[in-house]
1. Calculate, axis by axis, the spread of Cα positions in the range 1-124 along the three principal axes, and write the results as whole Å, longest axis first.
2. Pull up all non-local amide H partners of W119: gap of 5 or more, or a different chain, and H-to-H distance under 5 Å with H placed in the peptide plane.
3. Taking R0 as 22 Å, what's the FRET efficiency between S327 and H22 from their Cβ-Cβ distance, rounded to 0.05?
4. Please tell me which of these pairs span more than 21 angstrom C-alpha to C-alpha: K136/K231; K98/K190; K190/K238; K110/K136?
5. Residue by residue through the range 232-246, what is 3J(HN,Hα) from phi via Karplus (6.51 cos²θ - 1.76 cosθ + 1.60, θ = phi - 60°)? Round to whole Hz and write x for glycine and proline.
6. Which of the peptides 107-119, 67-79, 278-290, 31-43 is most tightly packed, and how do the rest follow, judged by the mean count of other Cβ atoms within 10 Å per residue?
7. Report the full-extension gain for the segment E283 to E423: residue separation times 0.36 nm, less the Cα-Cα distance, to one decimal in nm.
8. So for the pair D84, K14, with labels modelled 7 Å out along Cα→Cβ, what separation do we get in nm?
Amino acid sequence: MANLLLQDPFGVLKEYPEKLTHTLEVPVAAVCVKFSPRGDYLAVGCSNGTIIIYEMDSLKPISMLGTHSGAHTRSVQSVSWSHDGRYLWSSGRDWYVKLWDLSQPSRCFKEYKFDGPVWSCHIVRWNLCVVSVVEKPTAFILKYDESSGLLNSWALQSSGNEDSTNNYGYTLVACPHPTVESLIITGSSKGWIQGFNFDFETPDNENKSESEKDDQGPEDHISIQCCFEEKIANSNIKQVIISPSGTRCAVNCSDRNIRQYQLQVQMDPESETGPCSVTLELEHKYQDMINRLQWNTIFFSNHAGDYLVATAHGSSAHDLYLWETGSGSLVRVLEGADEELLDIDWNFYNMRIASNGFESGWVYMWSIVIPPKWSALAPDFEEVEENIDYQEKEDEFDIMDDDNNLHALTEAEEVTIDLCTPEKYDVRGNDLSIPRFVIPLDYEGILVLQNWATNA
C-alpha cells in the first residue's frame with residue numbers, strides 16, 4: 001500500500017478488480033466473508049460455527065474465535081466489523097448473536113439468544129446492531145449496555161404494527177443506513193420495504209422510586225417510529241444494501257430482479273436524530289434475460305456506489321456480474337471460479353473482492369494486478385534482460401564546485417520534507433484516519449486449523 005505512489009497510476013486507480021489472484025483453501029466450508037474496515041483482515045464464518053480471521057498480507061489464518069469458550073455450535077450466517085476493527089458481531093443458526101472483543105479472541109465477549117435461527121446481523125456502531133430472525137415479523141435492535149454489562153433487544157416496530165405478519169409477511173433482511181445512524185431499512189417476505197427511525201432516550205430516574213427503577217425495562221429507553229413503507233414486489237426480498245454515501249439503495253428479490261433506487265433522506269429540522277421522510281426512486285433493474293438467473297448476493301462498490309456486483313445462483317453460474325450504476329449496463333464478468341459463488345464483500349483499501357464457493361467452501365479473491373514498473377524509481381532507469389558488469393567512473397558522482405551546482409544544492413537543502421504527519425487519504429481517495437486495530441495471534445487456534453487442514 002505504501003508503494004502505490006511509485007506505480008503506474010492507470011493501473012493503481014482502476015475502479016474494480018479484474019483478475020482472480022488468490023484462493024484460500026479454508027479447512028471448513030465458508031458460509032460468509034467480511035473484510036475489516038481497513039482491509040487488513042478477512043473474517044470467514046464457517047458451516048461448523050467456526051469464525052476464522054485471515055491476515056491479508058500473508059493470506060494466512062491468525063486467529064480462530066472462541067477456541068476456549070463461546071463459539072457457535074452451528075453454521076455462522078453473517079459477520080460484521082466495528083468501525084475501528086476491534087469488535088465483531090456474528091449470527092448463527094444456533095439462535096445466538098455474539099459480540100467478540102478481538103483483543104481477546106479466544107473467548108466470546110457477550111451473547112444473546114433469540115427464539116430461532118438468526119438470519120443476519122449488521123453493525124450500527126460497535127455496541128449496537130440490527131438483527132433479522134427466521135420467521136419473525138420484525139427485525140430487532142440489539143445493544144450492549146456498558147453500565148449493566150448486558151445485551152438488550154427491542155423489536156423494530158412502531159406502535160400499531162404489533163400484528164402485521166398478515167400484511168407485511170416476515171422480516172427477512174434489515175440494513176442500517178451508513179450516514180444516518182438512527183435509520184434502518186427492512187425487507188419482508190411479501191415484498192415490502194420499510195424504514196424505521198429509532199432513538200434511545202435517557203430515562204428520568206430522579207423522580208422515580210427504587211421500585212419503579214427496578215420495574216422499568218429496556219423498552220422505556222427507546223422510541224421507534226415507522227417513517228416509510230412501500231411494496232416494491234410480489235416476492236421475497238432477499239437482500240437490501242445501501243451505498244456508503246447513502247444515496248443509492250439496491251434490493252435483491254426472488255423474482256430474479258435486482259432493483260436499484262435513488263435514496264433520499266430528509267432530516268427533521270426540529271430533531272437531531274430522526275429523519276423526517278424517506279423516498280425511493282427507481283433507477284434501474286438488473287436481470288439475466290437469457291438464463292433467468294437468481295441472484296445470491298449483491299454489493300456496492302466505492303463511496304458513491306458507481307458499480308454493483310452480484311453472484312448468481314445455479315450450478316452453471318460461476319462468475320461475478322458487475323454493472324455500472326449510472327447507466328445500468330453490464331461492464332464486466334469476473335471469471336475464474338469453478339463453482340457457484342455465495343456471499344460477497346468488496347474492500348476498497350486493498351481493492352479486493354472476496355466470495356466463497358458453494359461446493360468446496362473455499363474463498364476466492366479478485367484484485368488488481370499491477371505489473372512492476374522499475375522506471376518509476378528513476379527517470380533514466382533502464383531495464384535489462386540479465387545482469388551486466390558496470391564500472392563506475394572516478395568522478396561520476398563528484399559534486400562540481402561551480403555556480404550552477406551550488407545553486408541547485410542550496411535549493412535542495414531548503415526543501416522541507418515532513419516525515420511525521422501522516423497522509424489523510426491514499427492515492428485512491430480512501431480515508432486513512434480510520435483506526436487500525438492489530439489482532440493478536442492465536443497460536444492455539446492456528447494449530448487446530450492446521451490439524452483440520454491435514455485431516456481434510
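Every read-out reported here was derived from the displayed coordinates using simple, explicitly stated rules and does not represent laboratory data. For clarity, every value in this text was computed on a predicted model and none was experimentally measured. As a convention, Cβ positions derive from the backbone with ideal geometry for all residues, glycine included, and neighbour counts pool all protein chains shown.
1. On the principal axes, the range 1-124 reaches 53, 26, 25 Å in Cα extent.
2. Those qualifying (amide H under 5 Å, at least 5 residues apart or on another chain) are S132, V133, V134.
3. On the way: r = 31 Å, r/R0 = 1.39.
For S327 and H22, the calculated efficiency is 0.10.
4. Details: K136/K231 18 Å; K98/K190 29 Å; K190/K238 11 Å; K110/K136 23 Å.
In this structure, K98/K190; K110/K136 exceed 21 Å between Cα atoms.
5. 10, 7, 9, 9, 5, 9, 8, 6, 10, 10, 10, 5, x, 6, x
6. On the way: 107-119: 17.1, 67-79: 19.4, 278-290: 14.1, 31-43: 22.8.
The peptides rank, most packed first, as 31-43, 67-79, 107-119, 278-290.
7. Working: separation 140, 0.36 × 140 = 50.40 nm, distance 3.66 nm.
Difference between extended and current length: 46.7 nm.
8. About 3.6 nm separates the two model spin labels.
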